[in-house]
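Here is the structure we will look at, set down as structure tokens.
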Amino acid sequence: MTLVPLPAFADNYIWMLHDGHHAIVVDPGDAQPVFDALAHHKLQLAAILVTHHHADHTGGVAALHAATGAKVWGPAHERIPGPFTPLVQGDVAQALGLRFEIIDVPGHTAGHIAYFLPASAAQAPVLFCGDTLFSGGCGRLFEGTPAQMLASLDALAALPGDTRVCCAHEYTLANLKFARAVEPGNDALSHYNARCESLRAQGQPTLPSQLAIERQINPFLRSREATVLRAVRAHAELSADAAEAEVFAALRQWKNDFR
């Protein structure tokens with residue numbers, strides 16, 4: 001399987017997996033980049049996977065389904081352009097011989113799901129996480145709570161370290177600027193930032209990331225680490241006995257206000 005990020009809008013990626021004949025796409029907010037890629041690679045669209053209901057992830061679903069008949073999967077508790085097969089934690093979506101395991105990841109939206117493709121003899125595992133986890137960051141909490149998002153990120157962080165993290169936006173450099181403000185002494189973060197700056201200077205995507213790297217550099221996966229705790233407590237003037245969700249909420253608010 002070939003994994004391809006299709007740029008859309010200002011900073012979205014529509015992810016495509018294909019075998020040279022058939023394709024799966026994830027979160028097609030715009031149908032045209034998918035139609036263009038299908039024509040370029042001479043592919044037939046077999047399936048559409050949707051992580052959450054926001055328009056920049058669902059706007060192209062109806063047109064793609066109408067044109068190709070591709071089956072659509074999406075979160076059971078959100079409104080997705082139909083017809084679609086609803087999914088919740090523990091379900092499996094099967095397409096092109098692949099089995100995508102469903103993980104509930106509320107926080108960015110109330111019913112957000114992620115799709116995890118375990119490793120095979122031919123490829124490392126893949127995670128399609130929508131707007132829950134970004135490289136160096138996480139999604140804003142529009143509908144969920146800090147405790148929900150923390151639990152969702154914990155679930156994703158527990159996946160194998162070689163998992164390819166396919167986020168839905170090219171937010172990496174902005175996220176890393178904030179991460180460096182939180183952990184200025186993090187050498188792994190400095191090295192990763194330099195690598196990502198080089199990629200963007202060459203017009204290349206920073207994604208997919210790798211989960212093992214995210215555990216080293218992403219403050220939202222590191223909110224219990226001593227360095228991050230100290231920074232958040234100092235910034236938000238939290239007490240030493242502040243609950244984990246309170247620390248996470250303060251970290252997310254710091255990012256919301258960061259310029």
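Here residue 16 clears all of (1) assigned to a strand (DSSP E or B); (2) in contact (Cβ under 8 Å) with a residue 24 or more places away in the chain except the condition numbered (2). Residue 200 meets the conditions (1) under 23 Å from residue 111 (Cβ atoms); (2) part of a helix (DSSP H, G or I) in every case but one. The failed one is (1).
Remark: residue 209 falls outside the filter, which requires a residue to be over 18 Å from residue 11 (Cβ atoms), among the hydroxyl-bearing types (Ser, Thr, Tyr), buried (at least 20 other Cβ atoms within 10 Å of the Cβ) and in contact (Cβ under 8 Å) with a residue 60 or more places away in the chain. Note on region 32-62: among residues that are in contact with a Phe, Trp or Tyr (Cβ under 8 Å, 6 or more places away or on another chain) and either surrounded by fewer than 20 Cβ atoms within 10 Å (Cβ to Cβ) or not aliphatic (A, V, I, L, M) (or both), the one that is farthest from residue 9 (Cα to Cα) is 51. May I ask you to list the residues in region 6-30 that are of a type in the set (A, V, I, L, M, F, W, C), in contact with a helix residue (DSSP H, G or I) (Cβ under 9 Å, 6 or more places away or on another chain) and surrounded by fewer than 21 Cβ atoms within 10 Å (Cβ to Cβ)? Of everything in region 6-30, those that are of a type in the set (A, V, I, L, M, F, W, C), in contact with a helix residue (DSSP H, G or I) (Cβ under 9 Å, 6 or more places away or on another chain) and surrounded by fewer than 21 Cβ atoms within 10 Å (Cβ to Cβ) turn out to be 6, 9.
Looking at region 106-158, which of its residues are of a type in the set (A, V, I, L, M), assigned to a loop (DSSP other than H, G, I, E, B), surrounded by fewer than 18 Cβ atoms within 10 Å (Cβ to Cβ) and touching a residue at least 40 places away in the same chain (Cβ under 8 Å)?
Initial filter on region 106-158 (of a type in the set (A, V, I, L, M)): 110, 113-114, 117, 119, 121-122, 124, 126-127, 133, 141, 147, 149-151, 153, 155-158.
If we keep only those that are assigned to a loop (DSSP other than H, G, I, E, B) as well, we get 110, 119, 121-122, 124, 141, 158.
Right, trim to surrounded by fewer than 18 Cβ atoms within 10 Å (Cβ to Cβ) and you get 110, 119, 121-122, 124, 158.
Of everything in region 106-158, those that are of a type in the set (A, V, I, L, M), assigned to a loop (DSSP other than H, G, I, E, B), surrounded by fewer than 18 Cβ atoms within 10 Å (Cβ to Cβ) and touching a residue at least 40 places away in the same chain (Cβ under 8 Å) turn out to be 119, 122, 124.
Which ones in region 90-105 are in contact (Cβ under 8 Å) with a residue 24 or more places away in the chain and within 14 Å of residue 50 (Cα to Cα)?
First pass over region 90-105, keeping only residues in contact (Cβ under 8 Å) with a residue 24 or more places away in the chain: 93, 95-96, 98, 100, 103-105.
93, 95, 100, 103, 104, 105 - these are the residues of region 90-105 that are in contact (Cβ under 8 Å) with a residue 24 or more places away in the chain and within 14 Å of residue 50 (Cα to Cα).
Readers should treat all values here as calculations from the given coordinates under stated rules, not as data from a laboratory. Since the structure is predicted, the reported quantities are computational estimates derived from the model, not experimental observations. No Cβ is skipped: glycine too gets one built from the backbone with ideal geometry, and neighbour counts run over all protein chains shown.
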